[in-house]
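Peer 1: The structure that follows is given in the form of structure tokens.
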Amino acid sequence: MKKISFIIALLFTITLKAQVGMSLPSYSNSNSKWIFGGYAGLNGLIGNGGGMTLHISPRAGYKITQDLIAGVDGTFSWNSSKYVSSTMLGIGPFVDYYFKRTFYASTNLRQYFINSKIKGVNNNHKYSNKETALNIGAGYMRRIGSNTYIQIGATYNVLYDKDKSIFSSPFVPNIGIIFGL
């Protein structure tokens, strides 16, 4: 169980986010209120047990005001190594608020569905679980282009239960780039 928690914690230790503003249904309208983006990553582990991790986090939102964005984001992770294989799917709403494009506050409610298999010589132990996380956070942002910002911040899962959670910590630092804000 500790191996599963450790692997899942590694997946969520640093979350990189990118948002791209696009207009709907035509991409030519620069005044669009829709925001699309996300994160994708592929990691390989070297050494005894090695393995591979794939992580995808799509995001879609709507600018309610210039400083308030609400939408839906999700996450999918797949991990396979000599000792464990797992998949995790999470989905839920988010709200972001930007203070003069210098600071931001963020919250998201996400329901996670987890399936894992611990590989062994004589037996394979299968594990399925689900968990709800309510992450509330804030951070600093700095302009690095005309409509491009870098964000550095953290969130805290207020629903975290040390004895029941699949995550090793309620604290999640994040670094991200936003395009089209």
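Peer 1: For the structure I just gave you, tell me whether THR65 is at pLDDT below 90 and hydroxyl-bearing (Ser, Thr, Tyr).
Peer 2: no
Peer 1: Give me a count of the residues in the range 80-99 that are within 15 Å of ILE166 (Cα to Cα) and either charged (D, E, K, R) or touching a helix residue (DSSP H, G or I) at 6+ places or on another chain (Cβ under 9 Å) (or both).
Peer 2: Result for the range 80-99: 3.
Peer 1: Within the range 117-131, is there a residue that is of a type in the set (Ser, Thr, Tyr), within 19 Å of the chain's Cα centre (by Cα) and either more than 22 Å from ASN31 (Cβ to Cβ) or surrounded by 15 or more Cβ atoms within 10 Å (Cβ to Cβ) (or both)?
Peer 2: No, the range 117-131 contains no residue that is of a type in the set (Ser, Thr, Tyr), within 19 Å of the chain's Cα centre (by Cα) and either more than 22 Å from ASN31 (Cβ to Cβ) or surrounded by 15 or more Cβ atoms within 10 Å (Cβ to Cβ) (or both).
Peer 1: For the range 84-99, enumerate the residues that are closer than 13 Å to MET52 by Cβ and touching a Gly at 6+ places or on another chain (Cβ under 9 Å).
Peer 2: Initially, the range 84-99 is screened for residues closer than 13 Å to MET52 by Cβ, giving 84-87.
VAL84, SER85 - these are the residues of the range 84-99 that are closer than 13 Å to MET52 by Cβ and touching a Gly at 6+ places or on another chain (Cβ under 9 Å).
Peer 1: Is it the case that some residue within the range 119-128 is in contact (Cβ under 8 Å) with a residue 60 or more places away in the chain, touching a His at 6+ places or on another chain (Cβ under 9 Å), of a type outside the set (Asp, Glu) and farther than 30 Å from THR65 by Cβ?
Peer 2: Within the range 119-128 (the criterion being in contact (Cβ under 8 Å) with a residue 60 or more places away in the chain, touching a His at 6+ places or on another chain (Cβ under 9 Å), of a type outside the set (Asp, Glu) and farther than 30 Å from THR65 by Cβ), the answer is no, since none of the residues qualifies.
Peer 1: Return only the number of the condition from (1) more than 18 Å from LEU134 (Cα to Cα); (2) assigned to a strand (DSSP E or B); (3) at pLDDT 90 or above; (4) among the β-branched types (Val, Ile, Thr) that ILE56 does not satisfy.
Peer 2: All conditions pass for ILE56, except number (3).
Peer 1: TYR98 passes all but one of (1) surrounded by 14 or more Cβ atoms within 10 Å (Cβ to Cβ); (2) hydroxyl-bearing (Ser, Thr, Tyr); (3) not in a strand (DSSP E or B); which number fails?
Peer 2: Just one mismatch for TYR98, condition (3).
Peer 1: Every residue in the range 110-127 that is touching a Phe, Trp or Tyr at 6+ places or on another chain (Cβ under 8 Å) and part of a strand (DSSP E or B), please.
Peer 2: Listed by number, the residues that qualify are ILE114, ASN115, SER116, LYS117, ILE118.
The values are calculated or read from the model by the stated rules, or taken from the named source; none is laboratory data. Nothing here was measured: the structure is a model prediction, and the numbers come from that model. Cβ coordinates were reconstructed from backbone atoms using ideal geometry, including for glycine residues, and neighbour counts include every protein chain displayed.
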